[in-house]
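Below you'll find the structure, written out as structure tokens, and then a few comments.
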Amino acid sequence: MLNEWMQNPEVIRLLQLNSDGLLFAIWETLYVTIISTLFAYVIGLPLGVLAVVGEENGVLPLPKWLMAVMNTVINILRSVPFLILMVVVIPLSRLILQTSIGTNATIVPLIVAAFPFVARLVEASLREIDSGVIEAAQSMGCSPFQIITKVILPESRPSLISGLTTAFITILSYGAMAGAIGGGGLGSMALNLGYQRRMNIILWVSVVVLVILVQIFQSIGTRAAVRTDKRIRSQADKKKARDRHKKNVRQQRRFPGAM
Amino acid sequence: MIELRNLSKTFPTEEGLFTALDQVNLTIRDGDIYGIIGMSGAGKSTLVRCINLLERPTEGQVLIDGEDLMSLSPAALREKRRKISMIFQQFNLLMQRTCLDNICFPMEIAGVPKAKARQRAKELLEVVGLPDKAEAYPAMLSGGQKQRVAIARALASDPQVLLCDEATSALDPTTTRSILRLIQDINRRLGITVIVITHEMAVVEEICSHVAILDHGHVMETGTVEEVFSNPKTEAGRKLVYPDETPQEASGQGRMVRIVFKGGSSQQPLIASLAIDCGVKASILRANTKTINGQAFGTMLIGLPEDEEQVGRAMAYLNSQPNLTVEEETGNAE
Ligand SMILES: Nc1ncnc2c1ncn2[C@@H]1O[C@H](COP(=O)(O)OP(=O)(O)OP(=O)(O)O)[C@@H](O)[C@H]1O
Ligand SMILES: [Mg+2]
């Protein structure tokens, strides 16, 4: 029985350790997700912070037109369906990477789609902070920059970690669509081998592995968010925080379309 | 010395401008514990927030030792704010930092070396009576303990002034007392000027030397606590000092006399003396006496018979007593 399995060409292919195998696909998926998440935060985190502190009564009020431009750009980018976005940013990928296909090329549209999403996630986290704490910091003579780095960001750390979890697993699932433009990873494996070449075992294995990856990162995120939250006193608090985190992640994830 | 000169603050609202403070003038001397009392919405928080310019007055000046805060650059204002600490009703501690790190926070932003800051923070935890809570997070503390940490944090920058906005309003009476004691102790030991915002008489009585009554954005009365509370001159003052008093229905009673005790003993058997010495039968309609700073204060409303002659005798007797004033009340006090 097992022997029979091992003879199956699809299984053989999956077990290969070279760039055709499952292991490599997992690696590619993680690579794309991590790099995209990283850059999405490099752009999205400052934008999310500015969206909160730059308001009229925020700690660092910015010109109204600047806020309007920023919000409009974020909103427009968030409403473009990802499949369309991938095509639209091809020239950008070409400009940055000299190529518009392949695994690296999928990173560019992922970042473009994810940074506005990240900006909104960060914004939502920062808005949870009690305004009294910020006021206390102001009364102590904190500069706006000190308030951002020493009060706003550290105080919203658990919620930011929740958001990071959401962003990470959303980018992971969107990355799966990248198979359409020649990127690698589990999504491409499912699409190009599983579906188009009717290799059913490969299709199901790659889907199941994707789901498992999402679950793993979700529970790592929950743990990290709960563990770093110093407001938690008891087991009951811990359970509440865990449920809140899970609910956030569930609600903030979108049906694949636009992030 | 803190001087507020012609301070006004208006807020734009949907129904037009709302005047939260109107031409407020106050002088607070160094080392005082100055109470600002008023009903909810009177503008107390707005007033105290104007002192460190968390709220910028629309008009007027905030002078600290003669220096106008409004004229300072943002950086100079931040520097100045380190000398004006504030504590709050909701404590406003950083929930993701330990108590010790909370107390270190003002020193951290002022650039005090870390080791020195931690040393000082530990001393301050001793001062507020929580030496064993250094590594605890605020979520683990009771309300009173949180306020103690907040006080320690407020002291970390060696302030000249401590602003307390309803600092005890979230606490039970026993805890309130202990926090007030601590504030008083700090005032005496360190000579820090304290401004106490509250809607509770008891808080002012407990620790303040001076008080201002604020009502609808106006300062109605100012003075020593004894002066203001023993004989409030304004409607707003009376409402605060004698909250339970309602307009008297003087049915059957001829005349009403309000006796105001100004220190000395209010336990004097005054009514008995009236009956024995003057032969006047007086009835106590209402009494509200308090002990402030060890002296008796308060008012008593008594009813006298209709008879002019008896009233005359009673008034003469009362007027001859030390430490009290007497005024006749017309039928409708309010
Ligand atoms: N930012 C604001 N915009 C508009 N109105 C305001 C603002 N802040 C305060 N007010 C109004 O000013 C008045 C005074 O408010 P303030 O908070 O100073 O009252 P308070 O005396 O501290 O009352 P409380 O005892 O309830 O805290 C209130 O009527 C309030 O609605
Ligand atoms: Mg208030």
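The values are calculated or read from the model by the stated rules, or taken from the named source; none is laboratory data. Just so we're clear, the structure is a prediction, and the values are computed from it rather than from any experiment. Reconstructed Cβ throughout: ideal geometry from the backbone, glycine too, with neighbour counts over all protein chains shown. The accessibility values were calculated without ligands, DNA or RNA, using every heavy atom of the protein model including side chains. Shrake-Rupley method; radii C 1.70, N 1.55, O 1.52, S 1.80 Å.
What to note about this one:
- Once segment B:40-61 is narrowed to residues that are touching an Asp or Glu at 6+ places or on another chain (Cβ under 7 Å) and not charged (D, E, K, R), the residue that is nearest to the other protein chains (Cβ to nearest Cβ) is B:Leu54.
- Yes/no for A:Gly221 being of a type outside the set (Val, Ile, Thr) and at pLDDT below 90: no
- Qualifying residue in segment A:46-54 (condition: assigned to a loop (DSSP other than H, G, I, E, B) and either in the same structural domain as A:Ile169 (by TED's automatic domain parsing) or in contact (Cβ under 8 Å) with a residue 60 or more places away in the chain (or both)): yes
- Of all residues making up segment B:79-93, the number that are under 19 Å from B:Thr46 (Cα atoms), open to solvent by 40 Å² or more (accessible area, probe 1.4 Å) and at the interface with chain A (Cβ under 7 Å from one of its Cβ atoms): 1
- Yes/no for A:Arg94 being open to solvent by 70 Å² or more (accessible area, probe 1.4 Å), away from every other protein chain (no Cβ under 14 Å) and within 21 Å of the chain's Cα centre (by Cα): no
- The single condition from (1) open to solvent by 60 Å² or more (accessible area, probe 1.4 Å); (2) in a strand (DSSP E or B); (3) not aromatic (Phe, Trp, Tyr) that B:Asp30 fails is (2).
- Taking strands (runs of 3 or more DSSP E) as the structural unit, those lying wholly within segment B:207-325 and holding at least 3 residues that are modelled with pLDDT of 85 or more correspond to B:210-215, B:218-224.
- Among the residues of segment A:109-150, those identified as within 14 Å of chain B (Cβ to nearest Cβ), β-branched (Val, Ile, Thr) and in a helix (DSSP H, G or I) are A:Val133, A:Ile134, A:Ile147, A:Ile148, A:Thr149.
- Flag not set for B:Lys9, criterion: within 16 Å of ligand 1 (Cβ to nearest atom), open to solvent by 10 Å² or more (accessible area, probe 1.4 Å) and under 20 Å from B:Thr224 (Cα atoms).
- Residue in segment B:94-130 that is surrounded by the fewest Cβ atoms within 10 Å (Cβ to Cβ), counting only those that are in contact with a helix residue (DSSP H, G or I) (Cβ under 6 Å, 6 or more places away or on another chain) and small (Gly, Ala, Ser): B:Ala117
- Counting only helices (runs of 4 or more DSSP H) wholly contained in segment B:82-169, no element carries 3 or more residues that are among the hydroxyl-bearing types (Ser, Thr, Tyr).
- Residues satisfying the stated conditions in segment B:3-21, i.e. part of a strand (DSSP E or B), more than 22 Å from B:Ala212 (Cα to Cα) and away from ligand 2 (no atom under 16 Å from the Cβ): B:Pro12, B:Thr13, B:Gly16, B:Leu17
- Single condition B:Leu47 does not satisfy, out of (1) within 16 Å of ligand 2 (Cβ to nearest atom); (2) of a type outside the set (S, T, N, Q); (3) assigned to a loop (DSSP other than H, G, I, E, B): (3)
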